[in-house]
Amino acid sequence: MTKPGTTRDFPARLLAWFDVSGRHDLPWQHPRTPYRVWLSEIMLQQTQVKTAAPYFERFVAALPTLRDLAQAPLDDVLALWSGLGYYARASNLHAAAKQCIELHGGDLPRDLDALTALPGVGRSTAAAIASQAWNDRHAILDGNVKRVMSRYHGIDGYPGLPAIEKKLWALVDTHVASPQLPDTRLADYTQAQMDLGATLCTRADPACVLCPLQDDCIARREGRTAELPTPKPGKTPPQKYAHVLWAEDAQGRILMQRRPPTGIWASLWTLPQADDATAARGWFDEHLRGDYDSAHALPPIDHAFSHYKLQLHAVRMRAEPGDRIGDNDALRWVAREELSSLGIPAPIRKLLTNQDA
């Protein structure tokens, strides 16, 4: 019997499982080009495959090449991304495409350091792109792989801590360097690791009885699958509040405001927003004309970000442009049929869609 947590036969057993039970029909695998692999990896940051897949197909239908992406207006890119969340990914994707045009002849660079230098591409994402696009020998360490490594090797400590992450990187580097991992199967091996974490070695109720690594997994042998990986130290996310103005003119057009290029919902179009009711009234008085007191209060909208919770309080009203509306390119009146062409945060789009016109 092998020692628990050993690296012996790890790649071979994982690939044998992948050949039978892995995911072979993901949309970015056919065809598997560097551009499609890169796009999929960015979409899969913080997003599950089943959610990302339809967005991917819509995105590549509209922007089939890296050059198409680089030349597209940012508004078009954000509109294609709208609803997928973590919108900085879309802005970084657009900026990285432009960088590839300027520095790499219009192609993704194959060099790992050059890939990592692109906006929105970290060490693991760069390795995933290189291994899947070109079959290069690089280790990955995304959330799924951290979970598998923590359980298989019995690593205590929250994987987000630098010291723990360093241990995990050393382990995945050892696995990927194994002579049992053929040079022709690096793309499959990378996908196999992600698939194992996504389908069997899940956060809750892992299917250990089906796992190809079960015999040597320390967490399974010691009955610790529920406690590994060590969860992030508990912290109650703070609750924040904001007020949004849904203003419509006589033609039924809605006033939309572009968010700043950095921060939450960067560069997206949303309803004008203020920190509190007093500030919202002040913004209305400065930019619009109408009877603010006749505004109809809508039910609050709760939305969770990674670091805090946000409750939006919306009011809906009829209004006309004030003297300052025409001064600012970040404000525009938008017809309802044009809303789909804008990048709009999911809770705002839900609000606009669910309320009666």
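Within the stretch 119-133, residues that are free of Cβ contacts under 8 Å to residues at least 40 places away in the same chain reach partners that are part of a loop (DSSP other than H, G, I, E, B) and acidic (Asp, Glu) with beta carbons closer than 6 Å, at six or more positions or on different chains, in the pairs 124/142; 130/136. Please go through the stretch 79-103 and pick out each residue that is more than 13 Å from residue 43 (Cα to Cα) and modelled with pLDDT under 95. Across the stretch 79-103, the qualifying residue is only 79.
If I filter the stretch 13-23 for residues that are over 17 Å from the mean Cα position of the chain (by Cα), surrounded by 16 or more Cβ atoms within 10 Å (Cβ to Cβ) and on the phi > 0 side of the Ramachandran plot, do I get at least one hit? Let's see the steps before the verdict.
Start the filter on the stretch 13-23 by keeping residues that are over 17 Å from the mean Cα position of the chain (by Cα), which leaves 13-23.
Next, only the ones that are surrounded by 16 or more Cβ atoms within 10 Å (Cβ to Cβ) stay: 13-15, 17-18, 22.
Next cut, on the phi > 0 side of the Ramachandran plot only: none.
No - not one qualifying residue is present in the stretch 13-23.
Tell me yes or no: at least one residue of the stretch 345-353 is hydrophobic (A, V, I, L, M, F, W, C), outside any helix (DSSP H, G or I) and open to solvent by less than 50 Å² (accessible area, probe 1.4 Å). No. Contact map, the stretch 153-165: residues that are β-branched (Val, Ile, Thr) paired with residues that are part of a loop (DSSP other than H, G, I, E, B) and surrounded by 15 or more Cβ atoms within 10 Å (Cβ to Cβ), Cβ distance under 6 Å, separation 6+ or inter-chain. Pairs shown: 164/157. Scanning the stretch 191-217 for residues that are over 25 Å from residue 131 (Cα atoms) and either assigned to a strand (DSSP E or B) or in contact with a Cys (Cβ under 6 Å, 6 or more places away or on another chain) (or both) gives a single hit, 214.
I'd like to verify a number: residues in the stretch 44-74 that are of a type in the set (D, E, K, R) and open to solvent by less than 70 Å² (accessible area, probe 1.4 Å), how many? Talk me through it step by step, then tell me what you get.
At the first step, the residues of the stretch 44-74 found to be of a type in the set (D, E, K, R) are 50, 57-58, 67-68.
Then drop every residue that is not open to solvent by less than 70 Å² (accessible area, probe 1.4 Å), which leaves 68.
Summing the residues that are of a type in the set (D, E, K, R) and open to solvent by less than 70 Å² (accessible area, probe 1.4 Å) in the stretch 44-74 gives 1.
Looking across the stretch 75-90, the residues that are under 18 Å from residue 62 (Cβ atoms) and touching a helix residue (DSSP H, G or I) at 6+ places or on another chain (Cβ under 7 Å) come down to 77, 78, 79, 80, 81, 82, 83, 84, 87, 89, 90. Every condition in (1) touching a residue at least 12 places away in the same chain (Cβ under 8 Å); (2) open to solvent by 30 Å² or more (accessible area, probe 1.4 Å); (3) of a type in the set (Val, Ile, Thr) holds for residue 244 except the one numbered (2). Taking (1) open to solvent by 30 Å² or more (accessible area, probe 1.4 Å); (2) out of contact with any helix residue (DSSP H, G or I) (no Cβ under 7 Å at 6 or more places or on another chain); (3) touching a residue at least 12 places away in the same chain (Cβ under 8 Å) in turn, residue 211 satisfies each apart from (1).
What number of residues in the stretch 32-47 are in a helix (DSSP H, G or I) and not β-branched (Val, Ile, Thr)?
Filtering the stretch 32-47 for residues in a helix (DSSP H, G or I) gives 34-43.
The next check asks that each one be not β-branched (Val, Ile, Thr); those that pass are 34-36, 38-41, 43.
Result for the stretch 32-47: 8.
The helices (runs of 4 or more DSSP H) found entirely in the stretch 75-157 that carry 1 or more residues being touching a Cys at 6+ places or on another chain (Cβ under 9 Å) and open to solvent by 20 Å² or more (accessible area, probe 1.4 Å) are 143-153. Across the stretch 218-241, which residue is farthest from residue 308 (Cα to Cα) among those that are among the polar types (S, T, N, Q), assigned to a loop (DSSP other than H, G, I, E, B) and open to solvent by less than 90 Å² (accessible area, probe 1.4 Å)? Applying the filter and picking the extreme gives 225.
Go through the stretch 216-253 and count every residue that is among the polar types (S, T, N, Q) and in contact with a strand residue (DSSP E or B) (Cβ under 7 Å, 6 or more places away or on another chain). Let's see the steps before the verdict.
Filtering the stretch 216-253 for residues among the polar types (S, T, N, Q) gives 225, 230, 236, 239, 251.
Checking the rest, the ones that are also in contact with a strand residue (DSSP E or B) (Cβ under 7 Å, 6 or more places away or on another chain) come to 239.
Qualifying residue count, the stretch 216-253: 1.
The set of residues in the stretch 37-93 being among the acidic types (Asp, Glu) and within 25 Å of residue 136 (Cβ to Cβ) consists of 41 alone. Out of 307, 303, I need the residue that is open to solvent by less than 60 Å² (accessible area, probe 1.4 Å) and under 24 Å from residue 88 (Cβ atoms). Which one? Result of the check over 307, 303: 303.
I want to confirm something. Restricting to the stretch 24-43 and keeping residues that are of a type in the set (A, V, I, L, M) and closer than 19 Å to residue 189 by Cβ, which single residue is surrounded by the fewest Cβ atoms within 10 Å (Cβ to Cβ)? Walk me through how you get there before you give the answer.
Step one: filter the stretch 24-43 for residues of a type in the set (A, V, I, L, M), giving 26, 37, 39, 42-43.
Next cut, closer than 19 Å to residue 189 by Cβ only: 26, 37.
Details: 26: 17, 37: 23.
The residue in question is 26.
Considering each of 158, 152 in turn, give the residue that is farther than 24 Å from residue 90 by Cβ and touching a Ser or Thr at 6+ places or on another chain (Cβ under 8 Å). Within the list 158, 152, the selection yields 158.
Across the stretch 254-297, the qualifying residues are those that are part of a loop (DSSP other than H, G, I, E, B) and in contact with a helix residue (DSSP H, G or I) (Cβ under 7 Å, 6 or more places away or on another chain), and the one among them that is surrounded by the fewest Cβ atoms within 10 Å (Cβ to Cβ) is 266.
The values are calculated or read from the model by the stated rules, or taken from the named source; none is laboratory data. Keep in mind that this is a model prediction, so the values were computed, not measured. Here Cβ is always computed from backbone atoms with ideal geometry, including for glycine, and neighbour counts include all displayed protein chains. Just the protein is used for accessible areas: all its heavy atoms, side chains included, with ligands, DNA and RNA removed. Shrake-Rupley method; radii C 1.70, N 1.55, O 1.52, S 1.80 Å.
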